[in-house]
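K.L.:
First, the structure itself, so that you have it in front of you.
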């Protein structure tokens, strides 16, 4: 058995049995346009129990609100008032936010396939029948439209419920602090719904396991659900699914383990970070030892091929760092490698392995200062000042903690500086404040950011968040955005540490 | 237990176990417009076995030809070339004739619900998977369109097959006569596919059991499949599901036995006819005795309420006789009651019951002559000469056989006379020729009519047939027409007697 097969066998043995709970709908609602951030006000029409007493004709529809976000399988009994003398065509639309339900889904400008638009159509030949939706959906609201059937009968929906699934092993006690308990609860819900057979980046779309999300989800997991075996399983999946030696940014476990085609060097360097934190939180030194060669190989291989004279020069790859396509990223990469090398050193110490990365770290750390504008006290990448660049420099800790905090604050006070477009970018701003001792500032900024999302209607934290534009979408259609996204769950980690 | 409940219990006990066979696809085809009756030429692209070696991308489609009509449940394995990284949306269109597949189904001008348009959409969340279409379809062709999915993978269809169902207990030997064996085979296929848990009028739409179709299907059944218990079951369903005393034109057995709202006096009077023929062919006198009171009640009740001075005067009801809405029908009704009374007399004799319908028959038979134009030798109803009126008069046998044959032929030679628009109307023209001794003329006309349908592309006989207009539809959309229709199967009865 090669090492990849062995790694995959370890991952397979750790596949969780999902915990199932039955969620009941709360209200029948409708959405009215207003000037709120998400653009709609939710009007409660009735208690959901009245659904069992309501009949629907062709052309009618109902929006059912479960009251909170969930991931799982919808089912209901479709019954007829009178005898159903024709088939019925239904459309089910699954909404994480009101716009999914309230807006027309077509035409869509997305460059992604429209197969992601969150609906499905059914032609029901015989009524009564039980409808078990076999596709797993992530949603709070479901709209059922009766598109076509005869006017000789009406239909009703009985026993409509959601079989929710998660690998979060238990509920977590809420925290009492009223200034953050709602943010924490939304983060917990986000994390729970992403925890499936892997830590999914977001349960709405492709069930991908992304390394960038994994590291952040794992952090939040250590202080909440503590399904640490799921972290271990995911680390082994990444190790087992390397492609041409590279740790891929995204891998899949279904239908059988396989790598995606997505490679991102900024995600790859998080592998030693996630492994170190796993060992640190679990004491599972054995896993640290088993996977440390993967870290070494990655760091040394990339250092040899991506760097010249200590500077990161590889620019023909796709890196993430943030959804904003305008972000200049080479400085972030430089900082990221310093961060990763330093963490790898700590990991080696923890598992009593012998490595000597000091010279490399020194070379990288000297070179990185070419990005530093001593006059302004910020890092500048290709003429651009961004929050995210300051953040990654803060993690690399190439200046004093105070200087890093000042660099971050300087960018935050600069209206021309590029802000993060999504919580992933924002997390590293907060983490950099945190590790450089500005824990209060970290919480203040985090509360404003994540609290802003909550105030703007988030039941789970979003993949994309720009407080000026609710319809911002890297996919060119916000109906395809993920509104429950793994990398957005980390406020609970900052709050609960 | 009231008599209705007892009748329904008898019907329930006779519910057949359907015979299942597995049908395999024959070809992958496409349709090209041409000037043939149905408007399309079928071009065979490949043997169906090549389906297992073909991959499809978003926007592509395939038309699979099973080579003959069938009723049942389609299934296939949906597999991916590469890993399916998004859901796939498929549309399946089920065609009895090429136009179902080759033409856009929307917009539809039908006054019936568009839920009858023969397609369904699926959103498949995970691939590979097995797709079992739960709705029963009646079709020869199925088109699968890949409407939406990513371009990272292709899909394929393996093990595609149709689980055909019928209550026809066995296959029937073909007949050797080359002038009629194809017509007979198409009729057998039509009958087989309508034989399900009841004799359905047509398996494409609502699984209705229509009395007008039942009588004709039963006739064909006696000389072919001989599932006589299915006839008995259907008679008991009609008896058990009377509504306000009336035998309804259509009843349903699913989801549980219930009458439709459709009442047609011309169908109702066929109940004693169908019962008589059942007893005649089976010798099951007991059933004849059990259900004879239903016949008596129907005849006497209707005679009291529909007739004045021996003439049928009830015109505010829906009668069928033919799909042509312009047909004048009171003469047909008058003739129909004479026919029904005469058959009821024969039935009474067979079961040794005592009735005296002579006076009624005489009154009706005298009155009916007011429709007869002695000069022309045809029956005229409200100024209209139609084939169908001559036909029902021929069944009533109120003139000599030769005079009835002459009346029918006179109408057939009159270009202004109204022709039947569907095989139901045509059947009675043929039956009237047959019972009045013109058996050769019956076969000649029948061969021309049903042979014409076969030449024009019928795999099963159609609900609607006008050789001048393939798109004629009582529903205002031929995509909703039934192309396998129970009342169209009777040529096998004429041929095989």
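K.L.:
Give all pairs with beta carbons closer than 8 Å in which a residue from region B:440-456 that is assigned by TED's automatic domain parsing to the domain that holds residue B:492 and within 14 Å of residue B:182 (Cα to Cα) meets a residue that is modelled with pLDDT under 95 and surrounded by fewer than 17 Cβ atoms within 10 Å (Cβ to Cβ); count only pairs at least 6 apart in sequence or on separate chains.
P.N.:
Qualifying pairs under 8 Å: B:447/B:179; B:452/B:467; B:456/B:467.
K.L.:
A further question follows. Condition first: crowded, with 23+ Cβ neighbours inside 10 Å and within 14 Å of chain B (Cβ to nearest Cβ). Now tell me which residues in region A:253-275 satisfy that.
P.N.:
None; the set is empty.
K.L.:
Now, a different point. Among the residues of region B:244-264, is there at least one that is assigned to a helix (DSSP H, G or I) and in the same structural domain as residue B:329 (by TED's automatic domain parsing)?
P.N.:
No, because not a single residue in region B:244-264 is assigned to a helix (DSSP H, G or I) and in the same structural domain as residue B:329 (by TED's automatic domain parsing).
K.L.:
Could I ask something else about it? Filter region B:311-325 for residues that are surrounded by fewer than 17 Cβ atoms within 10 Å (Cβ to Cβ) and closer than 27 Å to residue B:359 by Cβ and give the result.
P.N.:
As a first pass, look at region B:311-325 and keep what is surrounded by fewer than 17 Cβ atoms within 10 Å (Cβ to Cβ): B:313-318, B:325.
Once the filter is applied, which keeps residues that are surrounded by fewer than 17 Cβ atoms within 10 Å (Cβ to Cβ) and closer than 27 Å to residue B:359 by Cβ, region B:311-325 yields B:313, B:314, B:315, B:317.
K.L.:
If you don't mind, another one. Being outside any helix (DSSP H, G or I) and either touching a strand residue (DSSP E or B) at 6+ places or on another chain (Cβ under 7 Å) or surrounded by fewer than 24 Cβ atoms within 10 Å (Cβ to Cβ) (or both) is the filter here, so list the residues in region B:182-205 that pass it.
P.N.:
Result: B:195, B:196, B:197, B:198, B:199, B:200, B:201, B:203, B:204, B:205.
K.L.:
May I ask you to verify whether residue A:328 is surrounded by fewer than 23 Cβ atoms within 10 Å (Cβ to Cβ) and either in contact with a strand residue (DSSP E or B) (Cβ under 9 Å, 6 or more places away or on another chain) or in a loop (DSSP other than H, G, I, E, B) (or both)?
P.N.:
Judged against the criteria, residue A:328 is a match.
K.L.:
Continuing with this model, one more query. Kindly indicate which of A:65, A:159 is in contact with a strand residue (DSSP E or B) (Cβ under 6 Å, 6 or more places away or on another chain), modelled with pLDDT of 95 or more, assigned by TED's automatic domain parsing to the domain that holds residue A:49 and on the phi > 0 side of the Ramachandran plot.
P.N.:
One residue alone meets the criteria, A:159.
K.L.:
For region B:5-41, give me each residue that is within 24 Å of the chain's Cα centre (by Cα) and closer than 18 Å to residue B:291 by Cα.
P.N.:
B:8, B:11, B:12, B:14
K.L.:
Might you let me know whether region B:126-148 holds any residue that is more than 13 Å from every other protein chain (Cβ to nearest Cβ), at pLDDT 95 or above and in a loop (DSSP other than H, G, I, E, B)?
P.N.:
No, there is no match, as no residue in region B:126-148 is more than 13 Å from every other protein chain (Cβ to nearest Cβ), at pLDDT 95 or above and in a loop (DSSP other than H, G, I, E, B).
K.L.:
While we're on this one: Is one or more of the residues making up region A:115-127 surrounded by fewer than 21 Cβ atoms within 10 Å (Cβ to Cβ), touching a residue at least 60 places away in the same chain (Cβ under 8 Å) and over 26 Å from residue A:230 (Cβ atoms)?
P.N.:
No.
K.L.:
Among the candidates B:74, B:90, B:105, B:78, which residue alone is in contact with a strand residue (DSSP E or B) (Cβ under 9 Å, 6 or more places away or on another chain), more than 9 Å from chain A (Cβ to nearest Cβ) and not in a strand (DSSP E or B)?
P.N.:
B:105
K.L.:
Quick one: is residue B:172 touching a residue at least 12 places away in the same chain (Cβ under 8 Å), in a loop (DSSP other than H, G, I, E, B) and away from chain A (no Cβ under 14 Å)?
P.N.:
yes
K.L.:
One residue is enough: does region B:303-314 have a residue meeting the conditions over 21 Å from residue B:9 (Cα atoms), within 14 Å of another protein chain (Cβ to nearest Cβ) and assigned to a loop (DSSP other than H, G, I, E, B)?
P.N.:
Taking every residue of region B:303-314 in turn, none turns out to be over 21 Å from residue B:9 (Cα atoms), within 14 Å of another protein chain (Cβ to nearest Cβ) and assigned to a loop (DSSP other than H, G, I, E, B).
K.L.:
Within region B:149-167, how many residues are facing chain A (nearest Cβ under 10 Å) and surrounded by fewer than 22 Cβ atoms within 10 Å (Cβ to Cβ)?
P.N.:
3
K.L.:
Out of (1) surrounded by fewer than 23 Cβ atoms within 10 Å (Cβ to Cβ); (2) under 15 Å from residue B:296 (Cβ atoms), what's the single condition that is false for residue B:337?
P.N.:
Of (1) surrounded by fewer than 23 Cβ atoms within 10 Å (Cβ to Cβ); (2) under 15 Å from residue B:296 (Cβ atoms), only one is false for residue B:337: (1).
K.L.:
Moving to a separate point now. When region A:63-90 is examined, which residues are found to be buried (at least 17 other Cβ atoms within 10 Å of the Cβ) and within 29 Å of residue A:472 (Cβ to Cβ)?
P.N.:
A:63, A:64, A:65, A:66, A:69, A:70, A:71, A:72, A:74
K.L.:
Also: Which one of these does residue A:392 not meet: (1) over 29 Å from residue A:478 (Cβ atoms); (2) surrounded by 17 or more Cβ atoms within 10 Å (Cβ to Cβ)?
P.N.:
Unmet condition: (1).
The values are calculated or read from the model by the stated rules, or taken from the named source; none is laboratory data. Computed from a predicted model, the values in this text were never measured in an experiment. Cβ atoms come from the backbone with ideal geometry, glycine included; neighbour counts cover every protein chain shown.
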